[in-house]
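The values are calculated or read from the model by the stated rules, or taken from the named source; none is laboratory data. Here the structure is a predicted model, which is why all the values come from computation and not from measurement. Heads up, the Cβs are rebuilt from the backbone with ideal geometry, glycines too, and the neighbour counts pull from every protein chain shown. Each accessible area value is taken on the protein alone, full model and side chains, heavy atoms only, with ligands, DNA and RNA left out. Shrake-Rupley method; radii C 1.70, N 1.55, O 1.52, S 1.80 Å.
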Amino acid sequence: MTRARHQLIDLSATSYYHVINRCVRRSFLCGDDPYTQRNYDHRRQWLVDRIKHLSSIYSINIAAYAIMSNHYHLVLQVDKVTADMWTMDEVIERWYRLYSGHPMVDDYLANRNMSAVKLAKVEEYVQCWRDRLYDISWFMKCLNEHISREANKEDNCTGKFWEGRFKSQALLDETALLSCMAYVDLNPIRAGIASNMMDSNFTSIQERLKQFKSHQRQQARPNTDYRVPSQPHALLPFSPVADNNAIPLSYSDYFELVDWSGRHIDPKKTGFIDDSEPAILQTLGIDSDDWQLAVRDFRRQYGSFAGSAMQLRNYAHRHGRSWCKGVG
């Protein structure tokens, strides 16, 4: 049975979510269309640019992404704490970068000396906008509608571009988060369209690797004035130190984990497959077989919620359910 969106997005349980959306009829509307013989790869860049633009406005961070020919994956982190700290003016400025405002709010911006009644009404509007600016549904609506309009304009047609709103999975613990990110980053390798992470176009792992290599090259030239950061500004950073706004892992551990996972997912990949497990699996207490299963079949292994058996049972009981998919 279909669940209401408010039951799927529960920020009291987790701030991390895996979202997926597909083109209508799963057509290749963002890649090589075998029917029309046209290439639409430029639309994948539209998605990357739009996602980053929205993340700079919404209080929603991008942990991972993969833009495929007929669908895309995102791992998002909702930062409600930061949104609650925004001033009224900052909320208004962010909202006006995407949407039309309200005449009463325009009056507030032009003339701060308003009556208490009018000011209370302005505060009500601003609070509504604040809530929407950390809402995944509003984020996805703003993303999908924009891409649909641009694609239909290019094709000189009307109608649906996406087959639905979006599907989501709540990532209830650290293992679920990391295995889902690896699952997303390895999409091109699983699909057979890339043989390594650097060739995995339109993915967050490729962007992170390119940024890290640029940082290393700059480190080799210490006399330069400009300092290249080791992590992309537009993506949620990694940090082994406890931080609510960072992925709880070191950069090098994640690269090693994804590379090791990719080599085992694709047995036809050329090169040596190291049988030794990354040390981070032992540190996190994750069984290597369970990890490989999650990275390979994440969408099939879990339903709307992903995590350990205990986390899934607790989440199900909290929402009046007897069980969640993924509990053996």
- [ ] From the list 205, 147, pick out the single residue that is under 21 Å from residue 25 (Cβ atoms), β-branched (Val, Ile, Thr) and open to solvent by less than 40 Å² (accessible area, probe 1.4 Å).
- [x] 147
Task: In region 182-199, the residues that are under 20 Å from the mean Cα position of the chain (by Cα), of a type outside the set (Gly, Ala, Ser), closer than 20 Å to residue 251 by Cα and open to solvent by less than 60 Å² (accessible area, probe 1.4 Å) - done: 183, 184, 185, 186, 187, 197
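Tell me, which residue of region 13-37 that is touching a strand residue (DSSP E or B) at 6+ places or on another chain (Cβ under 8 Å) and either small (Gly, Ala, Ser) or without any contact (Cβ under 8 Å) to a residue 60 or more places away in the chain (or both) is most open to solvent (accessible area, probe 1.4 Å)?
Initially, region 13-37 is screened for residues touching a strand residue (DSSP E or B) at 6+ places or on another chain (Cβ under 8 Å), giving 13-24, 26-27, 29-33.
Of the ones still in play, those that are also either small (Gly, Ala, Ser) or without any contact (Cβ under 8 Å) to a residue 60 or more places away in the chain (or both) are 13, 15, 27, 30-33.
Working: 13: 32, 15: 33, 27: 31, 30: 3, 31: 0, 32: 100, 33: 25 Å².
By that ranking, first place goes to 32.
Does residue 82 satisfy being out of contact with any Pro (no Cβ under 6 Å at 6 or more places or on another chain), open to solvent by less than 70 Å² (accessible area, probe 1.4 Å), touching a residue at least 40 places away in the same chain (Cβ under 8 Å) and not in a strand (DSSP E or B)?
Numbers: out of contact with any Pro (no Cβ under 6 Å at 6 or more places or on another chain): yes; open to solvent by less than 70 Å² (accessible area, probe 1.4 Å): yes; touching a residue at least 40 places away in the same chain (Cβ under 8 Å): yes; not in a strand (DSSP E or B): yes.
Yes; evaluated as a whole, the condition is true for this residue.
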Task: Scan of region 57-79 for residues that are open to solvent by 20 Å² or more (accessible area, probe 1.4 Å) and over 16 Å from residue 136 (Cβ atoms), ordered by number - done: 69, 70, 71
TODO: Among the residues of region 12-60, count how many are at pLDDT below 90, within 19 Å of the chain's Cα centre (by Cα) and over 21 Å from residue 184 (Cβ atoms).
DONE: 1
